[in-house]
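Derivation of every value follows stated rules applied to the coordinates shown; laboratory data play no part. Everything numeric here is computed off the predicted structure, so don't read it as measured data. Reconstructed Cβ throughout: ideal geometry from the backbone, glycine too, with neighbour counts over all protein chains shown.
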Amino acid sequence: MHIKTYPPLTVLSTIHQTTISQLHEFGPVMAELYAEAGRKSIINGPLHWIYYGMDGNANTRFTLEIAVPIRKAFHSSRFQVKELDFFKAITFPHEGPWEQLPGSHAQIMERLAEHDIPITNECREVFLNINFAEPEKNMTEIQIGVSPGKTQNRPGAQKRLLPVYI
């Protein structure tokens with residue numbers, strides 16, 4: 001687990017108000033995003049699920065943004081094309097079924113509390129390998145937003161990825 005600063009990223013995205021217990025309903029949305037970006041042949045990275053204001057409670061409403069990185073902006077009548085800003089986050093690899101993601105999130109939160117690292121209201125899951133047939137082969141990078149300037153990253157880290165190990 002370490003801290004990285006991710007550069008801006010152009011994405012095709014869709015934003016929803018939801019709860020943890022409703023997340024399973026967004027599979028078709030993910031497929032539609034990929035289909036639209038794929039028609040333009042401009043997919044430029046793995047799928048991102050971005051959570052704003054999620055507190056771990058199954059019934060708390062929060063904002064979910066599902067995003068596919070793209071090489072260049074284009075007009076979409078269905079989805080938003082935008083640039084995600086720099087993102088400073090503590091990262092943690094999760095390998096295996098998505099049903100086990102809450103346990104990985106809990107481990108990260110414990111480590112952050114141990115080191116008194118302040119977090120933001122943004123959390124991302126980047127799906128590096130998706131395998132519906134064999135979920136134990138799923139690979140996800142969990143990224144918990146940390147407050148800029150409150151951690152050990154050096155000035156200028158927004159210009160490159162800079163790991164800080166804790």
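Assuming a viscosity of 1.306 mPa s and a temperature of 10 °C, what translational diffusion coefficient in µm² per second does Stokes-Einstein assign to the chain, Rh being the Kirkwood radius over Cα pairs? Provide the component values of the computation, followed by the final result.
Numbers: Rh = 16.6 Å.
It diffuses with D of about 96 µm²/s by this estimate.
GluC sites (Glu not before Pro), restricted to region 8-50: which are DSSP loop and have at most 15 other Cβ atoms within 10 Å?
Details: sites: Glu25, Glu32, Glu36; in loops: none.
Answer by residue number: there is no such site.
Taking the highest mean first, how do the peptides 94-105, 65-76 order by number of other beta carbon atoms within 10 angstrom per residue?
Sorting 94-105, 65-76 by mean packing, highest first, produces 65-76, 94-105.
Which parts of region 41-66 would a label at Lys82 reach, counting a residue when its backbone N lies under 16 Å from a point 7 Å out along Cα-to-Cβ?
In region 41-66, the label zone of Lys82 (backbone N under 16 Å from the point 7 Å along Cα→Cβ) covers 48-54, 62-66.
May I ask you to compute the full-extension gain from Glu99 to Ala113, defined as 0.36 nm times their residue separation minus their alpha-carbon distance, rounded to one decimal in nm?
My answer for the length gained is 2.7 nm.
For region 6-64, what is the per residue volume of the convex hull drawn over the alpha-carbon atoms, in cubic angstrom?
Working: hull volume 5.3 nm³, N = 59.
Cα-based convex hull of region 6-64, divided per residue, equals 90 Å³.
Given Gly145, His105, Ser76, which one lies farthest toward the positive end of the charge dipole of the chain, if we put +1 on the Cβ of every Lys and Arg and -1 on the Cβ of every Asp and Glu?
Positive-end residue among those listed: Ser76.
What angle, in degrees between 0 and 90 and rounded to the nearest 10, separates the Cα long axis of helix 27-39 from the longest principal axis of the Cα atoms of the chain?
Helix 27-39 sits at roughly 70 degrees to that axis.
So how tilted is helix 101-114 from the main axis of the chain? Cα-based, degrees 0 to 90, rounded to 10.
The answer is roughly 30 degrees.
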